[in-house]
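The values are calculated or read from the model by the stated rules, or taken from the named source; none is laboratory data. Computed from a predicted structure; not experimentally measured. Reconstructed Cβ throughout: ideal geometry from the backbone, glycine too, with neighbour counts over all protein chains shown.
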Amino acid sequence: MRALDRLTKDRIYAGENRQLQQHAVALSSPFGIERAIFDMLRGWLHYVDEYRRDTESGIGEDRVLGPEWRDLGRALYGLLNGPTGRLDCGTLYRVIDETLKAEGFEHGLNG
């Protein structure tokens, strides 16, 4: 799975959960602060996908860029403590955490 796909996979599973329905709508047409968060997170995920394509290895193996990319993910997580509009922070936390783990940062946001 591409890292970028993690951001949109939950749109399919919103079901009857109103909060996740609002989250899916925000991902489909973000505005204001939602747009800023979505664009930053999408850029972070897109970067790791392109890094893997260009280098054929995971960014977690890169001793220079890996820690910088990990710290950027942690900073994005920190921004979820502020205004987020209709975005579901628990879902975005999981996206960041799963991506960090998939890229070789075994403790994700907890390490």
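Note down all Cβ pairs under 7 Å where the first residue falls in the stretch 94-111 and is under 16 Å from residue 58 (Cβ atoms), the second is loosely packed, with under 15 Cβ neighbours inside 10 Å and of a type in the set (A, V, I, L, M), and they're at least six residues apart or on different chains.
none
Out of 27, 109, 72, I need the residue that is modelled with pLDDT of 95 or more and either within 21 Å of residue 2 (Cβ to Cβ) or of a type outside the set (D, E, K, R) (or both). Which one?
Exactly one of 27, 109, 72 is modelled with pLDDT of 95 or more and either within 21 Å of residue 2 (Cβ to Cβ) or of a type outside the set (D, E, K, R) (or both), namely 72.
Do we find that residue 65 is among the hydrophobic types (A, V, I, L, M, F, W, C), out of contact with any strand residue (DSSP E or B) (no Cβ under 6 Å at 6 or more places or on another chain), closer than 21 Å to residue 111 by Cα and surrounded by 14 or more Cβ atoms within 10 Å (Cβ to Cβ) in this structure?
Judged against the criteria, residue 65 is a match.
Could you look through the stretch 55-74, keep only residues that are acidic (Asp, Glu) and assigned to a helix (DSSP H, G or I), and pick out the one that is nearest to the chain's Cα centre (by Cα)?
The extreme case among them is 71.
Among the residues of the stretch 12-43, how many are in a helix (DSSP H, G or I) and either surrounded by fewer than 18 Cβ atoms within 10 Å (Cβ to Cβ) or touching a residue at least 40 places away in the same chain (Cβ under 8 Å) (or both)?
21
For the condition within 14 Å of the chain's Cα centre (by Cα), modelled with pLDDT of 95 or more and closer than 17 Å to residue 2 by Cα, what is the one hit in 43, 78? Outline the logic, then answer.
On the way: 78 fails: closer than 17 Å to residue 2 by Cα.
From the options 43, 78, the qualifying one is 43.
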